[in-house]
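Enquirer: Take this structure first; my questions come after.
The values are calculated or read from the model by the stated rules, or taken from the named source; none is laboratory data. No experiment lies behind these values; they were computed from the predicted model shown. Backbone-built Cβ (ideal geometry, glycine too); neighbour counts: all protein chains shown. Only protein heavy atoms, including side chains, enter the accessible area calculation; ligands, DNA and RNA are left aside. Shrake-Rupley method; radii C 1.70, N 1.55, O 1.52, S 1.80 Å.
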Amino acid sequence: MTSGERTATRRRRERMVELLGAGDISVHDLAAEFDVSLSTVRRDLATLAALGRITRTYGGAVDHRAVERSWHDKEREQRGEKDAIARAAAALVRSGDVVLLDAGTTVARLAHELRDRSDITVVTNGLSTLVELADAEVEVVVLGGRLRRPNESLLGTRTEQALRRLTPDIAFLGVDGLDPRRGINCPDLEQAALKETMAECARAAWVLADHSKLGGGGGFPYWAVMPAGTGLLSGGDERQLAAFTDAAWSVRTVGNDAGGAAKRESGHAAGRAALHAPLHTS
(Lines give C-alpha, C1' and ligand atoms only; values in the text may rest on other atoms or scores of the structure.)
Protein backbone atom coordinates (compact mmCIF):
# COMPACT_ATOMS: atom_id res chain seq x y z
CA MET A 1 0.00 0.00 0.00
CA THR A 2 1.37 3.40 -1.00
CA SER A 3 1.55 6.43 1.28
CA GLY A 4 -1.36 8.00 -0.59
CA GLU A 5 -3.48 4.86 -0.17
CA ARG A 6 -2.71 4.74 3.56
CA THR A 7 -3.75 8.38 3.93
CA ALA A 8 -7.00 7.75 2.05
CA THR A 9 -7.78 4.73 4.24
CA ARG A 10 -7.07 6.70 7.41
CA ARG A 11 -9.32 9.55 6.29
CA ARG A 12 -12.09 7.15 5.31
CA ARG A 13 -11.99 5.48 8.71
CA GLU A 14 -12.04 8.80 10.54
CA ARG A 15 -15.05 9.83 8.49
CA MET A 16 -16.72 6.51 9.34
CA VAL A 17 -16.32 7.27 13.04
CA GLU A 18 -17.99 10.65 12.48
CA LEU A 19 -20.90 9.08 10.60
CA LEU A 20 -21.34 6.38 13.21
CA GLY A 21 -21.34 9.02 15.92
CA ALA A 22 -24.46 10.54 14.37
CA GLY A 23 -26.39 7.27 14.78
CA ASP A 24 -26.66 3.66 13.63
CA ILE A 25 -25.66 3.07 10.02
CA SER A 26 -25.42 -0.17 8.07
CA VAL A 27 -22.45 -1.70 6.28
CA HIS A 28 -24.27 -1.26 2.96
CA ASP A 29 -24.81 2.45 3.67
CA LEU A 30 -21.11 2.90 4.43
CA ALA A 31 -20.08 1.08 1.28
CA ALA A 32 -22.29 3.35 -0.79
CA GLU A 33 -21.06 6.46 1.02
CA PHE A 34 -17.40 5.75 0.26
CA ASP A 35 -17.87 3.84 -3.00
CA VAL A 36 -15.95 0.83 -1.71
CA SER A 37 -16.75 -2.87 -1.40
CA LEU A 38 -18.56 -4.45 1.54
CA SER A 39 -15.39 -6.38 2.43
CA THR A 40 -13.43 -3.11 2.61
CA VAL A 41 -16.02 -1.61 4.96
CA ARG A 42 -15.95 -4.71 7.15
CA ARG A 43 -12.15 -4.56 7.37
CA ASP A 44 -12.36 -0.88 8.32
CA LEU A 45 -14.96 -1.60 11.01
CA ALA A 46 -12.91 -4.48 12.39
CA THR A 47 -9.87 -2.21 12.65
CA LEU A 48 -11.85 0.56 14.35
CA ALA A 49 -13.39 -1.93 16.78
CA ALA A 50 -9.95 -3.33 17.65
CA LEU A 51 -8.79 0.23 18.39
CA GLY A 52 -11.75 0.79 20.71
CA ARG A 53 -13.23 3.48 18.47
CA ILE A 54 -16.55 1.71 17.85
CA THR A 55 -18.66 -1.23 19.00
CA ARG A 56 -19.77 -3.61 16.26
CA THR A 57 -23.44 -4.55 15.89
CA TYR A 58 -25.17 -6.84 13.44
CA GLY A 59 -24.94 -5.24 10.01
CA GLY A 60 -23.35 -2.01 11.24
CA ALA A 61 -21.69 -0.30 14.16
CA VAL A 62 -22.27 2.19 16.95
CA ASP A 63 -19.83 4.90 17.94
CA HIS A 64 -18.98 4.98 21.67
CA ARG A 65 -19.25 8.75 21.80
CA ALA A 66 -22.88 8.65 20.73
CA VAL A 67 -23.74 6.98 24.04
CA GLU A 68 -22.32 9.68 26.31
CA ARG A 69 -24.78 12.42 27.17
CA SER A 70 -24.31 15.81 28.77
CA TRP A 71 -24.37 16.34 32.52
CA HIS A 72 -27.53 18.43 32.17
CA ASP A 73 -29.36 15.69 30.25
CA LYS A 74 -28.55 13.12 32.92
CA GLU A 75 -29.39 15.51 35.76
CA ARG A 76 -33.08 15.46 34.80
CA GLU A 77 -33.39 11.66 35.06
CA GLN A 78 -34.26 9.49 38.10
CA ARG A 79 -34.43 12.54 40.37
CA GLY A 80 -36.37 10.92 43.21
CA GLU A 81 -34.09 7.91 43.34
CA LYS A 82 -30.95 10.04 43.14
CA ASP A 83 -32.17 12.23 46.01
CA ALA A 84 -32.82 9.13 48.13
CA ILE A 85 -29.35 7.78 47.33
CA ALA A 86 -27.81 11.14 48.23
CA ARG A 87 -29.56 11.24 51.61
CA ALA A 88 -28.48 7.69 52.42
CA ALA A 89 -24.90 8.51 51.43
CA ALA A 90 -24.86 11.68 53.54
CA ALA A 91 -25.84 9.60 56.56
CA LEU A 92 -22.58 7.64 56.20
CA VAL A 93 -20.40 10.74 56.64
CA ARG A 94 -19.10 11.18 60.18
CA SER A 95 -17.88 14.27 61.94
CA GLY A 96 -14.24 14.96 61.07
CA ASP A 97 -14.29 12.91 57.87
CA VAL A 98 -12.32 13.82 54.77
CA VAL A 99 -14.87 13.04 52.04
CA LEU A 100 -13.86 12.43 48.43
CA LEU A 101 -16.58 13.31 45.92
CA ASP A 102 -16.28 12.22 42.30
CA ALA A 103 -18.05 13.99 39.43
CA GLY A 104 -21.60 13.01 38.50
CA THR A 105 -25.22 14.05 38.94
CA THR A 106 -25.98 11.81 41.92
CA VAL A 107 -22.74 12.83 43.64
CA ALA A 108 -23.73 16.48 43.11
CA ARG A 109 -26.96 15.75 44.96
CA LEU A 110 -24.90 14.32 47.79
CA ALA A 111 -22.88 17.56 47.83
CA HIS A 112 -26.14 19.43 48.31
CA GLU A 113 -26.96 17.23 51.30
CA LEU A 114 -23.57 18.08 52.84
CA ARG A 115 -23.84 21.85 52.42
CA ASP A 116 -24.51 22.57 56.08
CA ARG A 117 -21.78 20.30 57.46
CA SER A 118 -19.05 22.47 58.96
CA ASP A 119 -17.36 19.46 60.58
CA ILE A 120 -16.02 17.76 57.43
CA THR A 121 -13.63 18.41 54.53
CA VAL A 122 -14.72 17.67 50.97
CA VAL A 123 -12.16 16.84 48.27
CA THR A 124 -13.56 16.84 44.74
CA ASN A 125 -12.78 16.76 41.04
CA GLY A 126 -16.41 17.55 40.12
CA LEU A 127 -17.28 20.98 38.79
CA SER A 128 -20.94 20.61 39.77
CA THR A 129 -19.95 19.66 43.31
CA LEU A 130 -17.64 22.65 43.51
CA VAL A 131 -20.45 24.97 42.41
CA GLU A 132 -22.84 23.35 44.89
CA LEU A 133 -20.45 23.94 47.81
CA ALA A 134 -19.01 27.29 46.74
CA ASP A 135 -21.05 29.28 49.27
CA ALA A 136 -21.57 26.50 51.83
CA GLU A 137 -20.03 25.89 55.25
CA VAL A 138 -18.00 22.89 54.15
CA GLU A 139 -14.22 23.08 53.81
CA VAL A 140 -13.49 22.27 50.15
CA VAL A 141 -10.29 21.05 48.48
CA VAL A 142 -10.28 21.01 44.66
CA LEU A 143 -8.26 18.43 42.76
CA GLY A 144 -6.67 20.37 39.91
CA GLY A 145 -6.47 19.13 36.37
CA ARG A 146 -7.98 19.39 32.92
CA LEU A 147 -11.72 20.01 32.58
CA ARG A 148 -13.38 17.14 30.75
CA ARG A 149 -16.67 17.74 29.03
CA PRO A 150 -19.47 16.71 28.97
CA ASN A 151 -19.36 15.23 32.48
CA GLU A 152 -17.79 18.34 34.05
CA SER A 153 -14.91 16.59 35.80
CA LEU A 154 -11.27 17.47 36.38
CA LEU A 155 -8.80 14.74 35.47
CA GLY A 156 -5.29 14.12 34.24
CA THR A 157 -1.81 13.73 35.67
CA ARG A 158 -2.12 16.61 38.13
CA THR A 159 -5.41 15.21 39.44
CA GLU A 160 -3.87 11.77 39.97
CA GLN A 161 -0.80 13.23 41.70
CA ALA A 162 -2.88 15.29 44.11
CA LEU A 163 -5.16 12.34 44.87
CA ARG A 164 -2.28 9.99 45.67
CA ARG A 165 -1.21 12.33 48.48
CA LEU A 166 -4.53 11.76 50.25
CA THR A 167 -6.22 9.05 52.26
CA PRO A 168 -9.88 10.10 52.39
CA ASP A 169 -12.03 8.52 55.07
CA ILE A 170 -14.79 7.82 52.57
CA ALA A 171 -15.17 8.24 48.80
CA PHE A 172 -18.34 8.45 46.72
CA LEU A 173 -18.09 7.65 43.00
CA GLY A 174 -20.51 8.40 40.18
CA VAL A 175 -21.13 6.09 37.22
CA ASP A 176 -22.57 5.97 33.70
CA GLY A 177 -22.84 2.19 33.83
CA LEU A 178 -21.91 -0.53 36.29
CA ASP A 179 -21.12 -4.24 36.03
CA PRO A 180 -20.73 -6.38 39.17
CA ARG A 181 -17.51 -7.99 37.96
CA ARG A 182 -15.95 -5.53 35.51
CA GLY A 183 -16.67 -2.43 37.57
CA ILE A 184 -17.48 1.09 36.37
CA ASN A 185 -17.92 1.61 32.63
CA CYS A 186 -16.18 4.78 31.40
CA PRO A 187 -16.02 6.71 28.11
CA ASP A 188 -12.45 7.83 28.77
CA LEU A 189 -9.31 5.91 29.77
CA GLU A 190 -8.07 8.67 32.10
CA GLN A 191 -11.46 8.77 33.76
CA ALA A 192 -11.35 5.01 34.38
CA ALA A 193 -7.85 5.25 35.88
CA LEU A 194 -8.89 8.12 38.16
CA LYS A 195 -11.92 6.25 39.49
CA GLU A 196 -9.72 3.25 40.28
CA THR A 197 -7.32 5.52 42.17
CA MET A 198 -10.21 7.06 44.11
CA ALA A 199 -11.45 3.66 45.23
CA GLU A 200 -7.94 2.48 46.12
CA CYS A 201 -6.84 5.50 48.14
CA ALA A 202 -9.94 5.87 50.34
CA ARG A 203 -10.52 3.93 53.54
CA ALA A 204 -14.04 3.16 52.31
CA ALA A 205 -15.50 3.64 48.83
CA TRP A 206 -19.14 3.74 47.76
CA VAL A 207 -20.55 3.83 44.25
CA LEU A 208 -23.78 5.83 43.83
CA ALA A 209 -25.89 4.33 41.03
CA ASP A 210 -29.58 4.61 40.27
CA HIS A 211 -31.26 1.48 38.94
CA SER A 212 -30.80 2.48 35.28
CA LYS A 213 -27.02 2.21 35.68
CA LEU A 214 -27.05 -1.47 36.70
CA GLY A 215 -27.55 -3.01 33.28
CA GLY A 216 -23.91 -4.03 32.81
CA GLY A 217 -22.44 -0.85 31.32
CA GLY A 218 -23.05 2.22 29.23
CA GLY A 219 -21.50 0.86 26.03
CA PHE A 220 -18.13 2.53 26.59
CA PRO A 221 -14.78 0.84 25.90
CA TYR A 222 -13.05 1.40 29.27
CA TRP A 223 -13.52 -0.06 32.75
CA ALA A 224 -12.55 1.01 36.26
CA VAL A 225 -12.12 -2.14 38.36
CA MET A 226 -13.39 -1.79 41.93
CA PRO A 227 -11.74 -3.55 44.91
CA ALA A 228 -13.67 -6.33 46.64
CA GLY A 229 -15.93 -4.91 49.33
CA THR A 230 -16.64 -1.64 47.53
CA GLY A 231 -20.01 -0.28 48.59
CA LEU A 232 -23.00 0.24 46.32
CA LEU A 233 -25.93 2.53 47.13
CA SER A 234 -28.78 2.06 44.66
CA GLY A 235 -32.51 1.91 44.18
CA GLY A 236 -32.22 -1.22 42.07
CA ASP A 237 -34.44 -4.23 42.58
CA GLU A 238 -33.43 -7.48 44.28
CA ARG A 239 -32.61 -9.23 41.01
CA GLN A 240 -30.30 -6.44 39.86
CA LEU A 241 -28.53 -6.14 43.18
CA ALA A 242 -28.15 -9.87 43.85
CA ALA A 243 -25.42 -10.04 41.20
CA PHE A 244 -23.45 -7.35 43.02
CA THR A 245 -23.84 -9.09 46.38
CA ASP A 246 -22.61 -12.32 44.79
CA ALA A 247 -19.58 -10.45 43.40
CA ALA A 248 -18.58 -9.28 46.92
CA TRP A 249 -19.94 -5.74 46.72
CA SER A 250 -21.28 -4.22 49.95
CA VAL A 251 -24.84 -3.39 48.88
CA ARG A 252 -27.42 -1.02 50.34
CA THR A 253 -30.78 -0.51 48.73
CA VAL A 254 -32.55 2.82 49.08
CA GLY A 255 -36.15 3.77 48.35
CA ASN A 256 -37.67 6.91 46.88
CA ASP A 257 -39.49 7.74 50.10
CA ALA A 258 -39.41 11.28 51.46
CA GLY A 259 -37.14 10.34 54.33
CA GLY A 260 -34.66 8.68 52.07
CA ALA A 261 -33.87 6.00 54.64
CA ALA A 262 -32.36 2.73 53.54
CA LYS A 263 -35.02 0.05 53.25
CA ARG A 264 -32.80 -2.93 53.69
CA GLU A 265 -29.19 -4.04 53.69
CA SER A 266 -27.56 -6.94 51.94
CA GLY A 267 -24.09 -8.16 51.24
CA HIS A 268 -21.25 -7.29 53.58
CA ALA A 269 -22.48 -4.01 55.12
CA ALA A 270 -23.61 -4.64 58.69
CA GLY A 271 -24.21 -1.69 60.93
CA ARG A 272 -22.81 1.83 61.10
CA ALA A 273 -19.40 0.73 62.31
CA ALA A 274 -18.97 -1.68 59.41
CA LEU A 275 -19.74 1.08 56.94
CA HIS A 276 -16.57 2.91 57.97
CA ALA A 277 -14.33 -0.07 58.53
CA PRO A 278 -11.40 0.08 56.10
CA LEU A 279 -12.50 -1.74 52.97
CA HIS A 280 -9.04 -1.23 51.47
CA THR A 281 -6.09 0.93 52.29
CA SER A 282 -3.81 3.06 50.19
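Enquirer: Restricting to segment 109-131, what's the tally of residues that are more than 21 Å from residue 201 (Cα to Cα), open to solvent by less than 40 Å² (accessible area, probe 1.4 Å) and either touching a residue at least 40 places away in the same chain (Cβ under 8 Å) or among the basic types (Lys, Arg) (or both)?
Expert: Number satisfying all stated conditions: 2.
Enquirer: If a residue has to be surrounded by fewer than 19 Cβ atoms within 10 Å (Cβ to Cβ), touching a residue at least 60 places away in the same chain (Cβ under 8 Å) and not in a helix (DSSP H, G or I) to count, how many in segment 185-202 make the cut?
Expert: Total meeting the criteria: 0.
Enquirer: For segment 210-217, state whether one or more residues are part of a loop (DSSP other than H, G, I, E, B) and surrounded by fewer than 17 Cβ atoms within 10 Å (Cβ to Cβ). I'd like the intermediate steps shown before the answer.
Expert: In the first step, residues of segment 210-217 are kept if they are part of a loop (DSSP other than H, G, I, E, B); the result is 210, 214-217.
Now restrict to residues that are surrounded by fewer than 17 Cβ atoms within 10 Å (Cβ to Cβ): 215-216.
Yes, segment 210-217 contains at least one residue that is part of a loop (DSSP other than H, G, I, E, B) and surrounded by fewer than 17 Cβ atoms within 10 Å (Cβ to Cβ).
Enquirer: Related question: Looking at segment 1-17 only, could you name the residues that are in a helix (DSSP H, G or I) and farther than 14 Å from residue 35 by Cβ?
Expert: Across segment 1-17, the qualifying residues are 3, 4, 5, 6, 7, 10, 13, 14, 17.
Enquirer: What number of residues within segment 113-132 satisfy the criterion of being assigned to a helix (DSSP H, G or I) and within 19 Å of the chain's Cα centre (by Cα)?
Expert: Step one: filter segment 113-132 for residues assigned to a helix (DSSP H, G or I), giving 113, 127-132.
Subsequent filtering for residues that are within 19 Å of the chain's Cα centre (by Cα) retains 127-130.
Qualifying residue count, segment 113-132: 4.
Enquirer: Can you tell me which of (1) outside any loop (DSSP other than H, G, I, E, B); (2) over 30 Å from residue 53 (Cα atoms); (3) open to solvent by 20 Å² or more (accessible area, probe 1.4 Å) is the one residue 154 doesn't meet?
Expert: (2)
Enquirer: In segment 175-184, how many residues are touching a strand residue (DSSP E or B) at 6+ places or on another chain (Cβ under 6 Å), in a strand (DSSP E or B) and not hydrophobic (A, V, I, L, M, F, W, C)?
Expert: Residues meeting the conditions: 2.
Enquirer: Filtering segment 236-248 down to residues that are within 21 Å of residue 195 (Cβ to Cβ) and touching a residue at least 40 places away in the same chain (Cβ under 8 Å), which residue is surrounded by the fewest Cβ atoms within 10 Å (Cβ to Cβ)?
Expert: 243
Enquirer: Could you please find all residues in segment 89-108 being out of contact with any Ser or Thr (no Cβ under 9 Å at 6 or more places or on another chain), part of a helix (DSSP H, G or I) and open to solvent by less than 10 Å² (accessible area, probe 1.4 Å)?
Expert: We begin by selecting, within segment 89-108, every residue out of contact with any Ser or Thr (no Cβ under 9 Å at 6 or more places or on another chain); these are 90-95, 106.
Add one more test, that the residue is part of a helix (DSSP H, G or I), and what stays is 90, 106.
Matches in segment 89-108: 106 only.
Enquirer: Further question: When only residues in segment 47-82 that are modelled with pLDDT of 85 or more and open to solvent by less than 60 Å² (accessible area, probe 1.4 Å) count, which is farthest from the chain's Cα centre (by Cα)?
Expert: If we filter segment 47-82 for residues that are modelled with pLDDT of 85 or more, which is where we start, we get 47, 79-82.
Those still in the list that are open to solvent by less than 60 Å² (accessible area, probe 1.4 Å) too: 47, 80-82.
Working: 47: 27, 80: 19, 81: 17, 82: 14 Å.
Restricting to residues being modelled with pLDDT of 85 or more and open to solvent by less than 60 Å² (accessible area, probe 1.4 Å), the top hit is 47.
Enquirer: (1) within 30 Å of residue 248 (Cα to Cα); (2) surrounded by fewer than 23 Cβ atoms within 10 Å (Cβ to Cβ); (3) in contact with a Leu (Cβ under 7 Å, 6 or more places away or on another chain): which one isn't true of residue 178, the others all being true?
Expert: (2)
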